[in-house]
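Novice: Sharing a structure here in structure tokens format.
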Amino acid sequence: FVPRQNRSKPPIAVLLSYPPERYSQAVGTLEHNQIRNYTVALDFSQYDSAVILEEQLPQNRLDEYKVLVAPGDENIQNGTAPIVESWVKKGGTLILGLEAMQKDEIGNSQQESTFLNLKLGDRLQTEEAPLSGIAPRAPWLPGEILGRPYRKVLSSAGWETLAKIGNYPAILSCT
């Protein structure tokens, strides 16, 4: 991706990671990087964002942004987790969508990826339920927000649950 020169740098970066794409094809699943869904949602919400490649993280490109969205990235390259965790500890905001970067490129547990004690368990098979709690809410969005929890949260010391879907944490914030 070539950065555009005709506009100011957006505050939000969306992580484009190839390992989830390759891994999902190798094991024959449809779960993989959700970048298209997240970038379209940001565009429709009129949030300016840019794409950052996982390969660009060691070059300190992440320091140019305030927010990093990691959409459905279960698999990551070695070395990515410490870079992202260091950036978060310096004040960056990380939004993990569906996954928490817990596996390497070939599906093994990523030992360096602890994301401040956040561990996810098995995928859940639950019914749709309303989102409840103190999640941010746009005044123009009427009615309940329905969803299904994707994974069980196993370990979350230092995390506060802001909203739940049924009895399962859905939106957490690191305290």
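The values are calculated or read from the model by the stated rules, or taken from the named source; none is laboratory data. Since the model is a prediction, treat every value here as computed from it, not as a measurement. What goes into the accessible areas is simple: the full protein's heavy atoms, side chains included, and nothing from ligands, DNA or RNA. Shrake-Rupley method; radii C 1.70, N 1.55, O 1.52, S 1.80 Å.
Novice: Roughly how many percent of the accessible protein surface of the stretch 79-161 is carbon and sulfur, given a 1.4 Å probe and a whole-percent answer?
Specialist: Roughly 52 percent of what the probe reaches on the stretch 79-161 is carbon or sulfur.
Novice: For the chain, with every protein chain kept in place, what is the accessible area per residue (1.4 Å probe, Å²)?
Specialist: Accessible surface, normalised per residue, equals 61 Å².
Novice: If you average over every viewing direction, what projected area does the convex hull of the Cα atoms of the chain give, in nm²?
Specialist: For the Cα atoms of the chain, the hull's average projected area reads 11.0 nm².
Novice: If you don't mind, there's one more thing I want to ask. To check you understand DSSP bridge types, tell me what percent of the beta bridges within the chain (both residues inside) are antiparallel, rounded to 5.
Specialist: Looking only at bridges with both residues in the chain, the antiparallel portion is about 50 percent.
Novice: From the backbone phi of the stretch 55-72, what are the Karplus-calculated ³J(HN,Hα) couplings (6.51 cos²θ - 1.76 cosθ + 1.60, θ = phi - 60°) in whole Hz, Gly and Pro given as x?
Specialist: Karplus-based 3J(HN,Hα) across the stretch 55-72 equals 5, 8, 4, x, 8, 6, 5, 5, 5, 7, 10, 9, 10, 10, 9, 10, x, x Hz.
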